[in-house]
Amino acid sequence: MPKVYRGEGDVNQSPLRQAWNERLSDETTHILKEDEHYFLHQSLSTPCLDVIDRAEGSAFYNIEGKRYLDFHGNAVHQIGFQHPRVIEAMKQQLDTLSFSTRRYTNCAAIALAKRLTELAPDPLNKSLFAPGATSAIGMALKLARIATGKHKTVSMWESFHGASMDALSVGGEAHFRRQIGPLLPGAIHVPPIQNYRPNWEGAGLDDRQLASHIEYLFQQDSDIGAFVMETVRNTDVQLPSHVFMKKIRALCTEYDVKLIFDETAIGMGRTGRWFAFEHYDIVPDMVVLGKGLGGAVYPMAALLVDGSLDVAKDTSLGHYTHEKSPLGATAALTMIDVIQEEQLLEQLPLLEQKMKERLVDWKQRYSLIGDIRHIGFLFAVELVTDRTTKEKATDAAEAVMYHCLDHGLSFKVSKGNVLQICPPLNLSHEDLNEALNILESAIEDVQLREENTYAKS
């Protein structure tokens, strides 16, 4: 039997996936076969799970009208799908200016750059926009080289910063680096945060060991010009300690290494604040935003930097065709308006606490749950076969996912055994209760079946 690779999402080669495919209708199967025929096959994507016909709020619907609560949403749905304010604003923008020719500007793009400056702490007051955050990472890497005259980077294994060759080079996920061959020279990697932390609740000696290792690299190699990390590891919700983050900020300042935070999936309110780094009372030299920035409508990303780094006037960091998209800027501005005017960040702690209480209760009742981690509306439920050994319950995680899909709840599985839960910030209490009931039923069902299987053996 061929090896089944488990990556950052569903496993599209497994027996459970085959069983799922067999339950699909003839019409859906026909459309999926067409999709397979015309698109290149790749893990985590083609072949696809289902066919989406429409979306609204916290849910999408397939062509037969089945409703899925989307607790994944590719982290773009801070304000849900098809928010009427965003759709209307973009319709109005389409009537006047749908595209801004490069070397010219437009009022929507300027307004967004100004708005981001107002949201961010000083001295983050200069921006560049791009069609995607992978491109924004590339711009950040180029700017770090130009500003410091140093080409090497330090980043973490298991991190994800995009799928282009430069982003893969600083990224550390084996799944995306497999079969690719040589990447960008000078990309140094250190172990990820979770390998150094016995639990997620506080700082410990292991955090200091990691910081000491990074300091040693900075001391020994004067060609290191950038340190790149996800402020919070998105896919399995790994939270660095305050001690670690403050130490890294101090080290980067001391050794003239530009601190680049990748907040593609966790910025714009996902963690309960506009920027995840605000939880740590530090400010990076650069921060990358994307995904939710486009209001779940338009691909939009931004590189927001310390104004003193405006030093690349004789070259082109981005120069993308859709660099100052009036449509993308309009979507982003309206998304920000919605979060502020509907007071979503002020209301989020109540939803967050409600979800946390349910999950903590489950951990006491279901031995399948080894750990729960969260910040804002980003949760990880880690499934294990044994809490002492912490062996990954990969088969159980996949079974839980398909049970939930059958009952109308979509999320993604990370690291093979982590249920990553990422709901919209404007989720209703009714939808939250429905989703949690589905998830608990799945965990209870899978644990019971595993216990019965063990008893029979």
Query raised in the report: Which values of log₁₀ I(q)/I(0), to two decimal places, follow from the Debye formula for segment 378-457 at q = 0.12 Å⁻¹ with a uniform point scatterer at every Cα?
Result: -0.36
Query - Distance between segment 211-259 and segment 260-316 - C-alpha centres, whole angstrom - result: 17 Å
Query raised in the report: Between Arg67 and Glu88, what length in nm is gained on full extension when 0.36 nm per residue of separation is reduced by their alpha carbon distance?
Result: 5.1 nm
**Report entry** Restraint check, Lys33/Lys66; Lys354/Lys390; Lys246/Lys291; Lys66/Lys415; Lys313/Lys415, Cα-Cα greater than 31 Å
**Finding:** Lys313/Lys415
**Report entry** Percentage, to the nearest whole number, of Cα pairs in segment 300-372 over 17 Å apart
**Finding:** 70 percent
Report summary line: Whole-Å distance linking the alpha carbon centroid of segment 53-128 with that of segment 405-457 is 29 Å
Query raised in the report: In terms of the ratio Rg/(2.2 N^0.38 Å) built on C-alpha atoms, what value belongs to the chain?
Result: 0.98
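What Kirkwood radius, in Å to one decimal, follows from the Cα pairs of segment 84-341?
Hydrodynamic radius (Kirkwood, Cα pairs) of segment 84-341 is 18.7 Å.
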Query raised in the report: For Leu432, what is the net charge nearby, where nearby means another residue's Cβ is under 11 Å from its Cβ and Lys, Arg count +1, Asp, Glu -1?
Result: -2
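Helix-only estimate, please: 222 nm mean residue ellipticity of the chain, summing -39500 (n - 2.57) across DSSP H runs of length 4 or more and dividing by its residues, to the nearest 500.
-13000 deg cm²/dmol
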Report task. Please give the length that would be gained between Gln353 and Phe39 if that part of the chain were fully extended, namely 0.36 nm times their separation in residues minus their C-alpha to C-alpha distance (nm, one decimal). Result -> 108.9 nm
Requested in this report: Would you mind getting me the FRET efficiency between Thr453 and Glu56? Use the beta-carbon distance for r and R0 = 51 Å, nearest 0.05.
Outcome: 0.80
Report task. Taking a cut-off of 14 Å between Cα atoms, list the aspartates and glutamates near Lys150, but don't count ones fewer than 8 places away on the same chain. Result -> Asp221, Asp223, Asp256
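For segment 390-457, which trypsin sites (Lys or Arg not before Pro) pass both filters: DSSP loop (anything but H, G, I, E, B) and at most 15 other C-beta atoms within 10 Å?
When the trypsin sites (Lys or Arg not before Pro) of segment 390-457 are filtered for loop state and at most 15 Cβ neighbours within 10 Å, Lys390 remain.
Each reported figure results from applying straightforward, stated rules to the coordinates on display, with no laboratory input. Because the structure is predicted, anything quoted here is derived from the model rather than measured. Neighbour counts run over all protein chains shown; Cβ positions are idealised from the backbone, glycine included.
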